[in-house]
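One structure below.
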Amino acid sequence: MTSISSPTSWTCPFCPLLCDRLSIGTDATLTLNGTDCPRATRSLAQFGTRPAHAQPMHDGKPVALDEASRVAAQWLGVARQPLFAGMATDVAGTRALYRLANASAAIIDHAHGRSLMRALTAMQDRGAFTTTLSEVRARSDLIVCFASTPTARYPDFFKRCGIGVKPADATGPVQRDVICVGCGVDADLARIAQPATVSQRAIPLQGDLYETVALLNTQIDRLLKDKPMPGNACALESLAAQMLAARYVTLVWNTADLPGDHAALLVEALDRLAKSINLKTRAGTLALGGDDGAATVNQTLTWMSGLPLRTGIHRTGLEHDPHRYDTARLLDERAVDTLVWIASFNADLPPPQTDMPTIVLGHPRLASVCADRHGPTLFIPVSTPGIGSAGHLFRADGGVVLPLVPIYDDTLPTVAHVAGQIARSHAASGSTTPSALSATKEAAR
């Protein structure tokens, strides 16, 4: 077993912030050094200090990896319309799964695809001014959080952006204002911030969040035309003026926390707000999300295929449909007949209950969940990137790929290895060519 001793060598894979320059103690338990992030601590508790010993299970009975790969290939070979979902993996895993999906004419979605599509759909329709964690650290003097504070899901967000600490050089903002719209101020930030570095205040909603952002857009437009709009929303009027007077405004939200069934419209309104502010000063948006490798999978699929998540591979070509290719919708409507579920980062992402054949490439602790399922289930334990194997992940802001260094050399195969082995078994069976298989499945749609 290899211990990581350098304080700059380990990157945490358990949230899309990808906090790095950390170290891991490997005495009795895996101990995180360099941060007290509760999310990382909770995830690390699911791993021991030594590699896990687990083997594939077919309907609760142990089988060899070669046999498991053969069974998986057989199920995919006879499936009319497979669905690759969960998709909690890294770059290499996504590449291998995309090739397998091509061979089996599958639809691809992620467990967090619904929240990811909110920002993606808005960007496809209207475009966006986005920013990065580094830009926030170096330039932003006004951070406006909508719906919830970033630390509700990503505990080290403010630390990651250097909020609450004095700038390392004279070019960074000396004091930052953090304004929370529709949520309370961040108690943790107030606790950890150094004196005279952060000012926080909360602004209540005017109606719901949709109405509040619409009013804020109106206030900004009026101020840009030198026609202020006095009214009852004094707090929003003050916020609008502060935004236009700031040096660099960052609009932040957690995509999973946006309310309503049409949150993409809310993202469009927030993007419009950033565009309007940029007429006078500088502004950027930071849509936080992409948990469990969702940001990585989306980037990798787009790079390989030209289309993002929620894309189907069919006889007529690739088809992207963010509404119809939702995992829950496909399963509820029985539009698919075989499920491939990938959950390599932790045991908190079990496969949905269904009686259709299900292939699970997952954390070893998912074995008991898979053994209790009603339908035919094939479980293959896989290594976690950043724990038992190396890997690469995209950060939440989209512009950075970070390498993952393992804590020890795992005995379990990686997602990429298993997907490649299934693909080879599928090709070796020779029962159905990919083109003929696609034609059969296209007719079934």
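The residues on offer are 241, 264, and the sole one that is aliphatic (A, V, I, L, M) and within 30 Å of residue 43 (Cβ to Cβ) is 264. Pairing residues of segment 413-424 that are assigned by TED's automatic domain parsing to the domain that holds residue 100 and surrounded by fewer than 24 Cβ atoms within 10 Å (Cβ to Cβ) with residues that are assigned to a loop (DSSP other than H, G, I, E, B) and not small (Gly, Ala, Ser), at Cβ distances under 7 Å and at least 6 apart in sequence or on separate chains, gives 413/382.
Okay, residues lined up against (1) assigned by TED's automatic domain parsing to the domain that holds residue 301; (2) among the aliphatic types (A, V, I, L, M); (3) more than 30 Å from residue 422 (Cβ to Cβ):
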| position | (1), (2), (3) |
| --- | --- |
| 88 | yes, yes, no |
| 92 | yes, yes, no |
| 131 | no, no, yes |
| 137 | no, no, yes |
| 153 | no, no, yes |
| 181 | no, yes, yes |
| 184 | no, no, yes |
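Of the helices (runs of 4 or more DSSP H) lying entirely inside segment 232-343, the ones with 1 or more residues being in contact with a Leu (Cβ under 8 Å, 6 or more places away or on another chain), farther than 30 Å from residue 104 by Cβ and of a type in the set (Val, Ile, Thr) are found at 263-277. Within segment 48-57, does at least one residue satisfy the condition of being in contact with a strand residue (DSSP E or B) (Cβ under 6 Å, 6 or more places away or on another chain), modelled with pLDDT of 95 or more, part of a helix (DSSP H, G or I) and closer than 30 Å to residue 309 by Cα? The answer is no; no qualifying residue exists. If you filter segment 60-103 down to residues that are in contact (Cβ under 8 Å) with a residue 24 or more places away in the chain and part of a strand (DSSP E or B), you find that the one that is surrounded by the most Cβ atoms within 10 Å (Cβ to Cβ) is 87. For segment 346-400, a tally of residues being among the hydrophobic types (A, V, I, L, M, F, W, C), part of a loop (DSSP other than H, G, I, E, B) and closer than 23 Å to residue 44 by Cβ returns 7.
Only one of the listed residues (286, 330) is farther than 30 Å from residue 156 by Cα and within 22 Å of the chain's Cα centre (by Cα). That residue is 330. When segment 184-214 is filtered for residues that are crowded, with 19+ Cβ neighbours inside 10 Å, within 27 Å of the chain's Cα centre (by Cα) and at pLDDT below 95, the ones remaining, listed by number, are 186, 189. Checked against (1) surrounded by fewer than 18 Cβ atoms within 10 Å (Cβ to Cβ); (2) touching a strand residue (DSSP E or B) at 6+ places or on another chain (Cβ under 9 Å); (3) modelled with pLDDT under 95, residue 24 meets all criteria but (1). Report whether or not residue 296 is under 28 Å from residue 149 (Cβ atoms), in contact with a strand residue (DSSP E or B) (Cβ under 9 Å, 6 or more places away or on another chain) and not assigned by TED's automatic domain parsing to the domain that holds residue 105. So residue 296 fails the test. Take the conditions (1) surrounded by 15 or more Cβ atoms within 10 Å (Cβ to Cβ); (2) modelled with pLDDT of 95 or more; (3) aliphatic (A, V, I, L, M); residue 304 misses just one of them, which is (1).
The values are calculated or read from the model by the stated rules, or taken from the named source; none is laboratory data. Predicted model only: the values in this text are computed from it and were never measured. Cβ sites come from the backbone with ideal geometry, for glycine too, and all protein chains shown count toward neighbours.
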